[in-house]
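Following: one structure in structure tokens, then a few remarks.
The values are calculated or read from the model by the stated rules, or taken from the named source; none is laboratory data. Computed from a predicted structure; not experimentally measured. Cβ sites come from the backbone with ideal geometry, for glycine too, and all protein chains shown count toward neighbours. All accessible areas refer to the heavy atoms of the entire protein, side chains included, with ligands and DNA or RNA removed. Shrake-Rupley method; radii C 1.70, N 1.55, O 1.52, S 1.80 Å.
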Amino acid sequence: MKQSYQKQSLYISDIIKKVFVYLLILILFNFCNSEDKKQLPKTEHKIENPDANEEYFQEIAADIGLDFVHSIGAAEMENIIESVGGGAAFLDFDQDGFMDIYTCSGTWVEGFSKTKPPVSDHYNRLYRNLTDGTFQEVSIKAGVAGPWYSMGITVGDVNNDGYPDIYLSNYGDNTLYLNKGDGTFEDITEQAGVGGGTNCSVGAVWLDFDNDGLLDLYVGNYLNYDPDYSYYYAPDGFPGPLAYDSQKDILYKNLGNNKFEDVTTPMGIIDIDGRAMGVGAADYDDDGFVDIYVANDHTANFLWHNDGGKGFTDMGTLSGTGFSQAGEATVSMSVDFADYNHDELLDIFISDDNYCSLYENIGNGVFKDNSYASGISMASGQFVGWSSSFLDYDNDGNPDIFKANGELKHLYGQEDQMFKNVGEGKFNDTSLDLSAYFREEHVGRGACIGDYDNDGDLDIYIVNLNGSGKFLRNNKGNASNWIILDLAGTKSNRDAIGCRIKIVSDSAVQTSQKKSTTGYLSQNDSRIHFGLGESNIVDQIEIRWPSGTHQVLKQVPSNQILKITEPK
């Protein structure tokens with residue numbers, strides 16, 4: 001019995017020793033392993049411009065440092081204001097010859113946002129183009145991060161010093177950032193007098209309405225939002241725009257010395273019931289004075305005809321551009337101008353919540369809606385269109401159309417679209433042939449278009465509501481020839497906004513105009529891009545500057561970015 005007990009004790013003792021040794025080995029192993037982990041460098045995403053794949057448009061935002069994530073400022077979408085932001089712009093803020101990107105975001109606002117704020121901080125972002133195909137965020141260093149609940153952006157050189165300045169349309173006071181030329185900006189809103197009080201501004205546009213060489217500013221105001229109003233149709237989730245009174249737009253005249261004056265009433269801008277969304281400016285009747293188009297939400301759109309710089313008259317209804325072809329006021333979002341049919345008259349495209357409107361300029365200040373005849377309406381009917389811009393994505397010399405889509409009052413995604421201009425007034429939806437991106441669903445809002453890598457074809461940046469921004473690099477457009485004009489005014493405004501350009505190449509005529517805001521709350525590359533197809537030479541470039549100066553260049557080689565300064 002005693003011997004049996006001793007054997008059992010030795011057996012238990014042996015087990016304890018083995019367990020102790022095992023635990024000691026395990027502790028030592030974990031300690032060594034943890035030390036090794038401490039010595040390993042932290043793994044980070046490497047920012048580099050990826051090689052081109054087989055797609056026409058390749059989505060590369062995360063690869064090249066564009067990590068912007070838009071925010072509505074709250075945990076869920078709960079009001080009409082949160083549903084309408086935000087925009088983006090291509091701008092060369094440091095004048096190094098490469099396009100940088102600015103993006104607008106919402107943020108949590110006490111009393112406005114009902115649900116809890118997001119964990120992460122959200123603010124506007126400025127991304128500097130590093131010239132190697134990648135970007136670096138410099139928002140805080142440059143002094144343009146906010147804090148604002150920003151809707152959109154329009155860019156213009158306020159003081160003609162050669163550096164682009166930034167105007168932000170916000171919920172609350174708007175913001176004017178003056179570019180100091182050293183990589184930083186200064187908020188001069190108060191001294192400039194362009195804050196807009198407590199307005200809710202959405203779209204805005206720079207233009208020189210009186211051709212005095214100074215950029216003026218038109219600000220499209222939306223509505224008097226009341227956060228306590230709660231009577232609405234339940235499936236919508238919150239009251240729509242017609243539940244609130246509209247706010248009047250404002251026209252500011254640039255007085256020089258970074259000061260502006262509100263000239264809305266003296267200039268005849270009578271905005272009784274407009275709820276401005278996208279705003280654009282171009283000289284639609286070619287009389288030498290830039291006109292203003294306002295895309296209104298649920299109410300008739302405005303076409304403010306510029307009466308020789310002395311006043312404005314609304315020609316929306318009389319011109320045929322105030323309503324859709326069905327005679328209805330639509331949920332209009334954005335506006336852009338281009339001569340899509342090569343008759344030297346600027347046409348207009350309006351994106352809305354269903355069939356959109358392609359207004360063909362037939363002269364004498366009159367337009368006809370060709371959206372159905374062109375093939376655009378049937379392809380757009382199932383989508384809610386937000387930012388839309390004309391662009392020649394394949395450099396064949398014909399303006400195509402890009403359209404960002406997304407649900408109105410819910411965070412439901414939709415596919416974006418590209419319409420190829422196939423001539424004779426027709427467009428084909430070629431989206432699915434161009435990229436896998438066009439099969440993805442996003443809640444699209446603003447978008448800007450430009451040549452970020454200076455390779456001659458146009459790339460696209462898209463802001464998605466409460467989601468990650470997307471960047472579509474054009475991989476194949478420059479297989480055809482092109483030319484980009486970088487205009488600089490002297491007697492005219494430095495940005496040359498309002499310039500009329502006509503080029504002739506192999507008997508083909510293209511007409512364009514220098515604009516600021518394009519699409520929805522956004523702004524495209526400030527340089528003028530023309531696709532040339534197989535033409536190696538531009539036979540003639542004709543420029544009519546806002547000052548009235550007429551300039552002609554002949555036999556210009558293709559495939560270059562050509563700097564042109566207004567003759568003194």
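Looking at the stretch 38-74 only, could you name the residues that are modelled with pLDDT under 90 and either out of contact with any Pro (no Cβ under 9 Å at 6 or more places or on another chain) or loosely packed, with under 15 Cβ neighbours inside 10 Å (or both)? Within the stretch 38-74, Lys38, Gln39, Leu40, Pro41, Lys42, Thr43, Glu44, His45, Lys46 qualify. Among the residues of the stretch 98-113, those identified as more than 13 Å from the chain's Cα centre (by Cα), surrounded by 13 or more Cβ atoms within 10 Å (Cβ to Cβ) and not hydrophobic (A, V, I, L, M, F, W, C) are Gly106, Thr107, Ser113. All of Ser480, Ser468, Ser431 fail the test of being under 18 Å from the mean Cα position of the chain (by Cα), of a type in the set (Gly, Ala, Ser) and surrounded by fewer than 23 Cβ atoms within 10 Å (Cβ to Cβ), apart from Ser468. Count of the stretch 130-139 residues, restricted to those that are surrounded by fewer than 16 Cβ atoms within 10 Å (Cβ to Cβ) and of a type in the set (Val, Ile, Thr), is 1. In the condition set (1) at pLDDT 95 or above; (2) part of a loop (DSSP other than H, G, I, E, B); (3) crowded, with 21+ Cβ neighbours inside 10 Å; (4) not basic (Lys, Arg), Tyr127 is compliant with all but (2). For the stretch 353-369, the criterion of a residue being at pLDDT 95 or above, under 18 Å from Gln417 (Cβ atoms) and within 19 Å of the chain's Cα centre (by Cα) is satisfied by at least one position. Is there a residue being within 30 Å of His410 (Cα to Cα), buried (at least 20 other Cβ atoms within 10 Å of the Cβ) and in contact with a Ser or Thr (Cβ under 7 Å, 6 or more places away or on another chain) anywhere in the stretch 456-463? Among the residues of the stretch 456-463, at least one is within 30 Å of His410 (Cα to Cα), buried (at least 20 other Cβ atoms within 10 Å of the Cβ) and in contact with a Ser or Thr (Cβ under 7 Å, 6 or more places away or on another chain), which makes the answer yes. Would you confirm whether any residue within the stretch 288-304 is over 21 Å from Ser246 (Cβ atoms), open to solvent by 30 Å² or more (accessible area, probe 1.4 Å) and without any contact (Cβ under 8 Å) to a residue 60 or more places away in the chain? Within the stretch 288-304, none of the residues are over 21 Å from Ser246 (Cβ atoms), open to solvent by 30 Å² or more (accessible area, probe 1.4 Å) and without any contact (Cβ under 8 Å) to a residue 60 or more places away in the chain. For first residues located in the stretch 351-365 and at positive phi, partners that are in a strand (DSSP E or B) and open to solvent by 10 Å² or more (accessible area, probe 1.4 Å) and lie 6+ apart or on another chain with Cβ distances below 9 Å form the pairs Gly365/His305. So in the stretch 200-215, with the set limited to residues that are more than 20 Å from Ser334 (Cα to Cα) and under 22 Å from the mean Cα position of the chain (by Cα), which one is surrounded by the fewest Cβ atoms within 10 Å (Cβ to Cβ)? Among residues in the stretch 200-215 that are more than 20 Å from Ser334 (Cα to Cα) and under 22 Å from the mean Cα position of the chain (by Cα), the one surrounded by the fewest Cβ atoms within 10 Å (Cβ to Cβ) is Asp208. Within the stretch 385-412, the set of residues being of a type in the set (A, V, I, L, M) and either within 18 Å of Arg527 (Cβ to Cβ) or open to solvent by 10 Å² or more (accessible area, probe 1.4 Å) (or both) comprises Leu391, Leu408, Leu411. Does the stretch 542-554 contain at least one residue that is open to solvent by less than 10 Å² (accessible area, probe 1.4 Å) and over 17 Å from the mean Cα position of the chain (by Cα)? There is at least one residue in the stretch 542-554 that is open to solvent by less than 10 Å² (accessible area, probe 1.4 Å) and over 17 Å from the mean Cα position of the chain (by Cα).
Scanning the stretch 126-158 for residues being within 17 Å of the chain's Cα centre (by Cα) and more than 13 Å from Tyr102 (Cα to Cα) gives a total of 2. Of the strands (runs of 3 or more DSSP E) entirely within the stretch 190-281, those holding at least 3 residues that are in contact with an Asp or Glu (Cβ under 7 Å, 6 or more places away or on another chain) and in contact (Cβ under 8 Å) with a residue 40 or more places away in the chain occupy 216-221, 250-256. Summed over the stretch 75-97, residues that are free of Cβ contacts under 8 Å to residues at least 60 places away in the same chain and either part of a strand (DSSP E or B) or open to solvent by less than 10 Å² (accessible area, probe 1.4 Å) (or both) total 1. The stretch 484-568 holds strands (runs of 3 or more DSSP E) entirely within its bounds, and those carrying 1 or more residues that are acidic (Asp, Glu) map to 537-544. Restricting attention to the stretch 321-332, the residues being modelled with pLDDT of 95 or more and in contact with a Leu (Cβ under 9 Å, 6 or more places away or on another chain) number 2. Filter the stretch 140-171 down to residues that are aromatic (Phe, Trp, Tyr) and buried (at least 22 other Cβ atoms within 10 Å of the Cβ) and give me whichever is farthest from Trp386 (Cα to Cα). Residue satisfying both the conditions and the ranking: Trp148.
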